[in-house]
Amino acid sequence: MEREVRVRFAPSPTGPLHIGGVRTALYNYLFARHNGGKMLLRIEDTDSNRFVPGAEEYIIESLKWLGINIDEGVGHGGDCGPYRQSERRDIYRVYVKQLLDADRAYIAFDTPEELEAARAATPNFQYDASTRMSMRNSLTMPAEDVKNLIDAGEKYVVRFKIEPGRPVVVDDLLRGKVTIMSDILDDKVLYKSADDLPTYHLANIVDDHLMRVSHVIRGEEWLPSAPLHVLLYEAFGWSDTMPSFVHLPLLLKPDGKGKLSKRDGDRLGFPVFPLEWHDPASGNISSGYRESGYLPEAVINFLALLGWNPGDDTEIMSMDELIEKFSFDHCSRSGAKFAYEKGKWFNHHYLQQLDDARLAEMFKPVLRDNGVNPDEYSDEYIARVVGLVKGRINFVRDLWEQAAFFFKTPESYDPKAVKKRWSAETPAIMTELIDRLNALDDFSSQAAEQPILDWITAKGYHMGNVMNAFRLAVVGECKGPHMFDITELLGREESIRRIQLAIERLKTDEPAV
RNA sequence: GGCGAUUUAGUGUAGUGGCCUAGCACGCCACCCUCUCACGGUGGAGACCUGGGUUCGAUUCCCAGAUUCGCUACCA
């Protein structure tokens, strides 16, 4: 009864890995690790028409970035290889023949055009027991003709012969026993001679069997074809070792209806791919979580909770904690709308956990993008700036908006703040402030604050007006960290220079904006 | 259309035949903190799909319907 847990993530290299696929991979990984099992990566490239160069590398790099570690598979070794289905033709041929010999499958010559015609002629046409005897296949043609056609190079497919009239049960760990009648299944194509490759269904069953996969954990879109897979295991005589199935709920659009798509990301402004993707055919670039400033631990944490919970109110969990707590007992069965706003919150949270030096390193490229050479500042300066403003960011790039004034003198002043805080008497007070700042022995935040505040009070000035004018002059708008923390970092000279500059710029009736 | 799955606040979810005046988080609002913006703290608005049935009692069990999603390819 004790079976080694072996799960697989088996994407098609038809493009960048979708965030829903990432979650499927994650759940596979969490389940495997929780049970001390193995995680395999299999590339399902049986549709040569849809192959996209670079997709496989993209998938591998994505999983690596996210910390989903593969034990066996493409790019990771293992003794059940090859793990790329296009390299397993010899294996599939054997099993196709086995089904053919056992009369569980047959050869069909119907062309796509003929099938289309049949569908057009008969509403709800299905290639199954009710129609197969009127089609061009090895069931309706003399063996001689079949052989001749094949020898002549005629393209054909192998179809699974499904016997009608029997209930097929899929035992799903999440949904219980799902039963359907075999009648609704069609005689699925298992193999195409055109490219000497099986279709997903055959390859999937053969590989899962050969790779000793114990649990098939995949998206809900596979549930309808799971009975077919059960029948296939049966036809091969592998029912005893058939894996357990788990069909995960899908990730849905945040607003409207339907499955989450790339379009939704573009429309609502969030990535649907882990890494930035450059489409080789169109040249289009799709944004990725990594390039958008998300931390992998935030993405993992966020994704894990979209359809699963630990059974209590815990929300912040590292990969190790997720592994420890994960089980399908707490998986939901219904599709989850992709709540990307919460994803931002997770990122905010994980950003706060980072130490300032590390965050500062991540900030440097952003500085460069904004025309600031970070090498002109000490690492300590940047780290201290980051430390002061990080509480208000969701992404590393937000740091620029919050901290630009630490690197650039304000070029303009927020008009609304000017109107509210910069009155006719302000320049005189600011001039006075400059004197006070010059008089300070110690310009540190701690030492400077009290004397200045005392001065404001003693003079009977309005605290808010003076401090905000001060802030306006130094920052350019009424926002940012504690005022004296700012001036300490900027230094006395620069702080005073900015106040003087503001006095000059704002003395006319038409302030610079 | 057929088949299957699904259904707790705007969103992600917890939970139970009576302890539920249905918990938590994101988002939203207010207040506090405060020189500002944030952070943080406190509080607030906001949900058991509908209709039957079972039961002393149902959000929780049963049935029906509706909803939403998926599948219905020589795509995965």
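For the reader, a short list of remarks on this structure follows.
- Restricting region A:338-355 to residues that are over 18 Å from residue A:308 (Cα atoms) and more than 8 Å from RNA strand B (Cβ to nearest atom) leaves a set whose member that is most open to solvent (accessible area, probe 1.4 Å) is A:353.
Yes/no per residue for (1) open to solvent by less than 50 Å² (accessible area, probe 1.4 Å); (2) β-branched (Val, Ile, Thr); (3) touching a Lys or Arg at 6+ places or on another chain (Cβ under 9 Å); (4) more than 13 Å from RNA strand B (Cβ to nearest atom):
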{"site": "A:73", "(1), (2), (3), (4)": "yes, no, yes, yes"}
{"site": "A:76", "(1), (2), (3), (4)": "no, no, no, yes"}
{"site": "A:107", "(1), (2), (3), (4)": "yes, yes, yes, no"}
{"site": "A:110", "(1), (2), (3), (4)": "yes, no, yes, no"}
{"site": "A:118", "(1), (2), (3), (4)": "yes, no, no, no"}
{"site": "A:132", "(1), (2), (3), (4)": "yes, no, yes, no"}
{"site": "A:136", "(1), (2), (3), (4)": "no, no, no, no"}
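Rundown of residues vs (1) within 16 Å of the chain's Cα centre (by Cα); (2) among the small types (Gly, Ala, Ser), yes/no style:
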position: A:219; (1), (2): yes, yes
position: A:227; (1), (2): no, no
position: A:239; (1), (2): no, yes
position: A:246; (1), (2): no, no
position: A:253; (1), (2): yes, no
position: A:256; (1), (2): no, yes
position: A:263; (1), (2): yes, no
position: A:268; (1), (2): yes, no
position: A:272; (1), (2): yes, no
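- Residue that is part of a loop (DSSP other than H, G, I, E, B), open to solvent by 60 Å² or more (accessible area, probe 1.4 Å) and free of Cβ contacts under 8 Å to residues at least 60 places away in the same chain, where the choices are A:312, A:329: A:312
- Subset tally (residues that are assigned to a loop (DSSP other than H, G, I, E, B) and aliphatic (A, V, I, L, M)) for region A:59-115: 4
- For region A:143-181, residues that are touching a strand residue (DSSP E or B) at 6+ places or on another chain (Cβ under 8 Å) and free of Cβ contacts under 8 Å to residues at least 12 places away in the same chain total 1.
- Flag if residue A:504 is within 16 Å of RNA strand B (Cβ to nearest atom), of a type outside the set (Ser, Thr, Tyr) and either at negative phi or not in a loop (DSSP other than H, G, I, E, B) (or both): no
- Residue in region A:120-130 that is most open to solvent (accessible area, probe 1.4 Å), counting only those that are of a type outside the set (Ser, Thr, Tyr) and more than 16 Å from residue A:157 (Cβ to Cβ): A:124
- Odd one out for residue A:417 among (1) open to solvent by 40 Å² or more (accessible area, probe 1.4 Å); (2) at pLDDT below 95: (1)
- Test: residue A:162 is open to solvent by less than 50 Å² (accessible area, probe 1.4 Å), touching a helix residue (DSSP H, G or I) at 6+ places or on another chain (Cβ under 8 Å), more than 11 Å from RNA strand B (Cβ to nearest atom) and part of a strand (DSSP E or B): no
- Neighbours by Cβ (under 6 Å, 6+ apart or cross-chain): first from region A:473-496, closer than 18 Å to residue A:419 by Cβ; second within 11 Å of RNA strand B (Cβ to nearest atom) and among the polar types (S, T, N, Q): A:478/A:468
- Region A:182-206, residues that are among the hydroxyl-bearing types (Ser, Thr, Tyr) and either closer than 15 Å to residue A:156 by Cβ or in contact with a strand residue (DSSP E or B) (Cβ under 9 Å, 6 or more places away or on another chain) (or both): A:182, A:191, A:193, A:199
- Residue in region A:175-196 that is charged (D, E, K, R), open to solvent by less than 20 Å² (accessible area, probe 1.4 Å) and under 23 Å from residue A:244 (Cβ atoms) present: no
- Tabulated pairs, region A:332-354, first within 20 Å of residue A:66 (Cβ to Cβ), second open to solvent by less than 40 Å² (accessible area, probe 1.4 Å) and among the small types (Gly, Ala, Ser), C-beta under 6 angstrom, 6+ apart or interchain: A:336/A:307; A:346/A:298; A:347/A:298; A:350/A:298
- Among the residues of region A:81-103, at least one is modelled with pLDDT under 95 and either open to solvent by 10 Å² or more (accessible area, probe 1.4 Å) or basic (Lys, Arg) (or both).
- Which numbered condition residue A:442 fails, given (1) away from RNA strand B (no atom under 14 Å from the Cβ); (2) open to solvent by less than 50 Å² (accessible area, probe 1.4 Å); (3) closer than 19 Å to residue A:496 by Cα; (4) in a loop (DSSP other than H, G, I, E, B): (2)
The values are calculated or read from the model by the stated rules, or taken from the named source; none is laboratory data. Keep in mind that what you see is a predicted model, and the values were worked out from it rather than measured. All Cβ positions, glycine included, derive from the backbone under ideal geometry; neighbour counts span all protein chains shown. Note: areas computed on protein heavy atoms with side chains; ligands, DNA, RNA excluded. Shrake-Rupley method; radii C 1.70, N 1.55, O 1.52, S 1.80 Å.
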